[in-house]
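The structure appears below as structure tokens.
A short reminder: the numbers here are calculations on the coordinates, not readings from a lab. Just so you know, these numbers come straight off a predicted model, no measurement behind them. FYI the Cβ positions are ideal-geometry reconstructions off the backbone, even for glycines, and counts take in every protein chain you see.
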Amino acid sequence: MTASIVSLKGVNKSFGPIDVLHDINLEVRAGEVLCLLGDNGAGKSTLIRLLSGVHQPTSGEILMDGAPVRLTTPREAADRGIATVHQFGGTFPLMSIGRSFFVGVEPTKGWGPFKVFDRKFANEVAVKAVQSFGITRITDGDRLVGGLSGGERQSLAIARAVHFGARVLILDEPTAALGVKQAAHVLRIVNEAKRRGLAVVFITHQVMHAMAVGDHFAVLIRGAVASDFRKGEKTREEITDLMAGGETMATLEASIEGYMASHDGHPPSPAH
Amino acid sequence: MTDPNPRMSLGALLRRPETGSFLGLAAVFVFFWIFGGSNFASPNGAASWLNVAASLGIIAIPIGLLMIAGELDISIGSMVPAGSMTCAIISGHFGLPIVVGIGAALALGAMVGLINGLLVVKTAVPSFIVTLGTLFAVAGLLLGLAVIITGTTSVKLQAGPEAKLLLGHFIGGVFQVTIFWWIAAAAFWAFVLHYSKYGNWILAMGGDKVSARNAGIPTDRVTIILFMCSGMSAAFVGLSQAILYNSAQVSAGQSYIFNAIISVVVGGVLLTGGYGSIFGIVLGTLTFAIVNQGIYYTGFDANWASLIIGILLLVAVLMNNTFRKMALSYAPKKKGAKA
């Protein structure tokens, strides 16, 4: 087992009087995919924000390569090699692939005040980086990011993070908005990133997707790690039950059936 | 079907941000050429709309850059008269060298831009509101100070021959020298936006400011500099008008606010930021100036000009939306496949 790149030790986070995370202990290792599972509101997003430098823990510490670090800004997290890719991947829909790939680190050629953006180089590097992840349909770096499919955008964002030396890749629900084919695409890319020795934190509430790529699983329930296990230790049904808040899916289904029967088949009114 | 190459190049042309504005300009030009007769396209006629386009264009370009970066500056409406009055008071009323007047006007523009930029960056109040505030504040300050200092709201300025030649000259008797300043400004900003890395920063900021900052772009600094540039450009137009017309008035700039925004939007810049081109803004400015001035060469009542501009704006926005969608949905054909 390789050494952990990032680990959380007794991390708590509260916003004012509201406790969002209690006593989180997790380890993310190189070449491993940690799947973070949990229902909506379980604290997954807050946990990602701690790792990507948006929020700081109220108590407890984050360690990188064994040494405690304070990730005070997203920029600092990125500099330390923690890259976060959000649900919709590329965030500059009206920029070309080459331009968006190099935002903030533009390659230039020429001299003095006449340094020009090296479009050809940028396009070539960007296209090659995406293609190395198996997305061979992207061949023209001048295409606008907004014209790519959801899976291609995710791939572009992941390829960008890897190209700029990310060691830890945080993927926030990358497959949530995608169709079956596109999701399979992204899962292949997650595997490729793992093969290259990156540590991947994969956030999802789709158990199937998690089981396809995960080596290590953590289930969050109401801000606490309810279960922490490795691949093969639990079945799909057990994981689904855990995510449903400890209740078994069977009980949940039974209660829904009972409700529907007693309310003439009308679903309950929305909670809010 | 046909050979893919000409199709590809036509497609590439259609996907550029300025395609819509080019078609608009061509349509407007042909319209006024037909109804305006030979006078419209004669040197005198061309000068009438080129002169209007030049001073508007110098302001419209930095406004367009701000819009591409996701901001807006309407304080230019006060900065134009502030620039001309500052120059006229210092070099006309007090009789100091014209260089001092020009320098002071540009410095004032930079300062107001700095205040705009700092307020927008530090308070996160929308730049429309911030610059609406400075629009009125500068107008009031200008009026108050002008009356205290000179006792009047209109100041005479007699610039020397060098200043006249550079800023207030009519080439061939009809073309204002500002046209060349406009061309120079367009070339400079086109380099910045389309060829330098700073252009990438501006586009990224308009696309998503938070991601741009996380990618290491000094978004605050870029925003402040852009506001300073728009303030200085407005002051520059103001002072060059004072030198050209030998006088400056307190109220002579409010029309620039809407005219600049119309030019920029007709020029294909996306109102919400992240998309646009300098060439498009130049075309949009020309289109606006042609409609604004061309009406006098036709037999129509000049009151109809605003109607045309209004319709033009709406058509331009719809057309630009269509072309932007085309740019987004574009994917290259597989090599070797028959297109």
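If R0 is taken as 45 Å, the Cβ-Cβ distance between residue A:39 and residue B:318 corresponds to a FRET efficiency of 0.55.
Between residue B:154 and residue B:44, the simple spin-label model (points 7 angstrom out along Cα→Cβ) gives 2.6 nm.
Report the calculated FRET efficiency for residue B:99 and residue A:115 (r = Cβ-Cβ distance, R0 = 51 Å), to the nearest 0.05. Efficiency, from the Cβ-Cβ distance: 0.95. The relative contact order of chain A comes to 24 percent, based on Cα pairs under 8 Å that sit 6 or more residues apart. Taking max minus min of the alpha-carbon positions on each principal axis, region B:191-307 gives extents of 56, 31, 22 Å, largest first.
If the limit is 18 Å between Cα atoms, which of A:181/A:234; B:122/B:209; A:9/A:44; A:13/B:209; A:194/A:231; A:115/B:197 go over it? Those over the limit are A:181/A:234; A:13/B:209.
Beyond 47 Å, what share of the Cα-Cα pairs of the protein assembly as shown is found? Please give it as a whole percent. Counting pairs separated by more than 47 Å, the tail of P(r) holds 31 percent. Size estimate for chain B follows the Kirkwood approach: the inverse of mean 1/r over distinct Cα pairs works out to 21.0 Å. Compared with the dominant principal axis of the Cα atoms in chain B, helix B:219-245 is inclined by about 60°. Normalised size of region B:250-339, defined as Cα radius of gyration per 2.2 N^0.38 Å with N residues, equals 1.42.
One Cα centroid belongs to region B:100-179, the other to region A:1-42; the line between them spans 56 Å. Size check on region A:49-149: the Cα extents along the three principal axes, sorted descending, read 47, 39, 24 Å. Between residue A:255 and residue B:271, the simple label model (points 7 Å from Cα in the Cβ direction) yields a spacing of 4.8 nm. Sort region A:7-67 into rounded, prolate or oblate with this rule: let a ≥ b ≥ c be the square roots of the eigenvalues of the Cα gyration tensor; rounded if a/c is under 1.5, and if a/c is not under 1.5, prolate when a/b is larger than b/c, oblate otherwise. Here region A:7-67 falls in the oblate category. Looking at region A:4-234, the pairs of alpha carbons with a distance over 27 Å make up 35% of the total. FRET efficiency for the pair residue B:118 and residue A:177, taken as 1/(1 + (r/R0)^6) with r the Cβ-Cβ distance and R0 = 30 Å, rounds to 0.20.
When exposed loop sites are taken as trypsin sites (Lys or Arg not before Pro) in a DSSP loop with at most 15 other Cβ atoms within 10 Å, the longest stretch of chain B clear of them is B:1-332.
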